[in-house]
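Note sheet for the following structure.
The values are calculated or read from the model by the stated rules, or taken from the named source; none is laboratory data. A quick note: this is a predicted structure, and the numbers were derived from the prediction, not measured. Heads up, the Cβs are rebuilt from the backbone with ideal geometry, glycines too, and the neighbour counts pull from every protein chain shown. Please note that ligands, DNA and RNA were not included when accessible areas were found on the heavy atoms of the full protein model with its side chains. Shrake-Rupley method; radii C 1.70, N 1.55, O 1.52, S 1.80 Å.
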Amino acid sequence: MTSWQGESPETRGMWNAAVRGRPLTGLNYYLAQYIKYLSSHNGQAPVTPFLPPGQQQS
């Protein structure tokens with residue numbers, strides 16, 4: 001939750017947009033992908049901003 005709260009409104013908006021039309025929130029999707037990232041990177045947190053899959057930092 002702390003990581004989500006530390007993301008910018010723009011980044012949180014990207015996560016919300018990524019789930020439009022799906023039965024979950026941007027926060028739910030963010031947390032699922034964040035945990036998946038932690039699991040595959042030996043517990044090391046991703047850099048901020050942590051963007052939805054397929055999005056690139058501009």
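Of the residues in the range 23-58, how many are open to solvent by 50 Å² or more (accessible area, probe 1.4 Å), at pLDDT 95 or above and among the hydroxyl-bearing types (Ser, Thr, Tyr)?
Residues in the range 23-58 being open to solvent by 50 Å² or more (accessible area, probe 1.4 Å), at pLDDT 95 or above and among the hydroxyl-bearing types (Ser, Thr, Tyr): 4 in total.
Looking only at residues that are in contact (Cβ under 8 Å) with a residue 40 or more places away in the chain, under 10 Å from the mean Cα position of the chain (by Cα) and more than 16 Å from ILE35 (Cβ to Cβ) in the range 1-15, which one is most open to solvent (accessible area, probe 1.4 Å)?
Selected residue: MET14.
Residue pairs, Cβ under 8 Å, 6 or more apart or interchain, first in the range 32-48 and more than 16 Å from THR11 (Cα to Cα), second exposed (fewer than 10 other Cβ atoms within 10 Å of the Cβ). List them.
Pairs that qualify, where the first residue is more than 16 Å from THR11 (Cα to Cα) and the partner is exposed (fewer than 10 other Cβ atoms within 10 Å of the Cβ), are LEU38/GLN44.
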